[in-house]
DNA sequence: TATCATCTGGGACGTTCGTACTAGTACAGA
DNA sequence: TCTGTACTAGTACGAACGTCCCAGATGATA
């Protein structure tokens, strides 16, 4: 096989992310990841010494991508005329285009509840959203909106339904008055 | 051993609930539940044919207890003078006294995202909160507050910190204006 | 008291898992 | 060109798992 260590590592991470989104972090196995990435089992243990490290690295990989997205949000919100409507649109798009990220985010949240070593990563993910909002809506409101949006995403995952953008915009607008 | 089939079944369910809260539904095993409940492995498979059935039954058991709690909430909110403050107090108490329920609730939400057969239970759990709120705040606001509170609980689990009751009351008050 | 379905306690089987290991291959630097 | 490190591919092994099974104990019913 053609040599491409970095690419291989990345393929393994992406396979792991896809599996976490599909079946949950608890169902992750070396073999499933290897099969998904199209590499032998030995490859996943070569690049990630333990299953735990593989899972954590995969979540960190997703968190990095999401952090990039959060920076785009910050720009969009900073430039927005109608902040609530913009936020609502961003969330709707996020859930439509990046459902796996959202799934991994909540897998991370729940896993962090009983695995303290994951908490910094979970808190950082959450804080990314707050940071995107803060410049326009004040710190307390930004926190409230962040928490609300996490609830919205969780609700959307459970109900597997698109969010109501108007409802969302009105709720965000209401929370923005907090500061 | 003294005969008490119903008690035994309940002990197994409670052990399973405790384990789900502690380590997540993905880490549940017949053997761990049996050890926790103080019964042989055969007992858990006797009362619950498959591990899946055991996990689902345990979540359903927790959901039932939570539904009872939701009815108490409804009464408390119906009788409240200051609804936002009451809701904030209820949530704070809930997180302090019933952290396991809250953990199981979110385990359920995330599991429901990739296991459609769990969705009715997850939706019912969420709707319980909405129903407790609806009589006092309109339907849209009740939904918004429910979603917000789920976000708050998730955030509290991740940060392992008590919620700020004042912040919470103000956010709830803001969302109550939605209808 | 005799009977029988229900429940108990524990062990057995086959599968899947994490991880370690080995032999071979490719490529960068001497 | 030679050499050693980094990587590949596949196998092996012990542990833990879900589930099945059965011999014995129990208690309601006849």
Subset of the range A:7-49 (residues that are within 13 Å of another protein chain (Cβ to nearest Cβ) and either more than 8 Å from DNA strand C (Cβ to nearest atom) or assigned to a helix (DSSP H, G or I) (or both)):
A:18, A:19, A:20, A:21, A:22, A:23, A:24, A:25, A:26, A:27
What single numbered condition from (1) within 12 Å of DNA strand D (Cβ to nearest atom); (2) closer than 30 Å to residue B:116 by Cβ; (3) under 21 Å from the mean Cα position of the chain (by Cα) fails to hold for residue A:58?
(1)
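Okay, residues lined up against (1) within 28 Å of residue A:119 (Cβ to Cβ); (2) crowded, with 22+ Cβ neighbours inside 10 Å:
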residue: B:53; (1), (2): no, no
residue: B:65; (1), (2): yes, no
residue: B:87; (1), (2): yes, yes
residue: B:110; (1), (2): yes, yes
residue: B:119; (1), (2): yes, no
residue: B:132; (1), (2): no, yes
residue: B:138; (1), (2): no, no
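Name the residue, out of B:38, B:26, that is under 30 Å from residue A:101 (Cα atoms), more than 14 Å from the chain's Cα centre (by Cα) and either loosely packed, with under 14 Cβ neighbours inside 10 Å or at pLDDT 95 or above (or both).
Values: B:38 fails: under 30 Å from residue A:101 (Cα atoms).
Being under 30 Å from residue A:101 (Cα atoms), more than 14 Å from the chain's Cα centre (by Cα) and either loosely packed, with under 14 Cβ neighbours inside 10 Å or at pLDDT 95 or above (or both) holds for just one of B:38, B:26, which is B:26.
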All positions within the range A:1-23 that are within 19 Å of the chain's Cα centre (by Cα), within 13 Å of DNA strand D (Cβ to nearest atom) and crowded, with 19+ Cβ neighbours inside 10 Å
A:12
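The values are calculated or read from the model by the stated rules, or taken from the named source; none is laboratory data. Source: prediction; values computed, not measured. Glycine also receives a Cβ, built like all others from the backbone with ideal geometry; neighbour counts cover every protein chain displayed.
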